[in-house]
Amino acid sequence: MTTTVTHRALDIAGLETVYDTLATAIDQAGPEKSELFLVKLALLNARALGDAELFRQQVDKALLDL
């Protein structure tokens, strides 16, 4: 069985929803587990994205201006 995934950009409302979901999940994980949670989330999203190079590019963008 082949699964086709279509990628599209989120609008501002979608990004706000994602931000709220992420902030709530980080709080739920707690300070001692938030780093592990973020790594697990990144790996799950990389797998869903299905493109290691695109994931690397996104990591590079996220590192800018920290």
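What follows draws every value from the coordinates through simple rules; no lab data is involved. Just so we're clear, the structure is a prediction, and the values are computed from it rather than from any experiment. Methodologically, a virtual Cβ is constructed for each residue, glycine included, from the backbone with ideal geometry; neighbour enumeration extends over all protein chains shown.
With neighbour counts taken as other beta-carbon atoms within 10 Å, the residues Ile26, Ile12 rank, fewest first, as Ile12, Ile26.
Rg ratio for the chain: its Cα radius of gyration over 2.2 N^0.38 Å, N being its residue count, equals 1.27.
To the nearest ten degrees, helix 12-29 and the longest principal axis of the Cα atoms of the chain are 50 degrees apart. Simple point charges give the picture: +1 on the Cβ of Lys and Arg, -1 on the Cβ of Asp and Glu, and for the chain a dipole about the Cα centre of about 280 debye. Taking DSSP loops as anything outside H, G, I, E and B, show the longest stretch in the chain free of trypsin sites (Lys or Arg not before Pro) there with at most 15 other beta carbons within 10 Å. It works out to 34-66.
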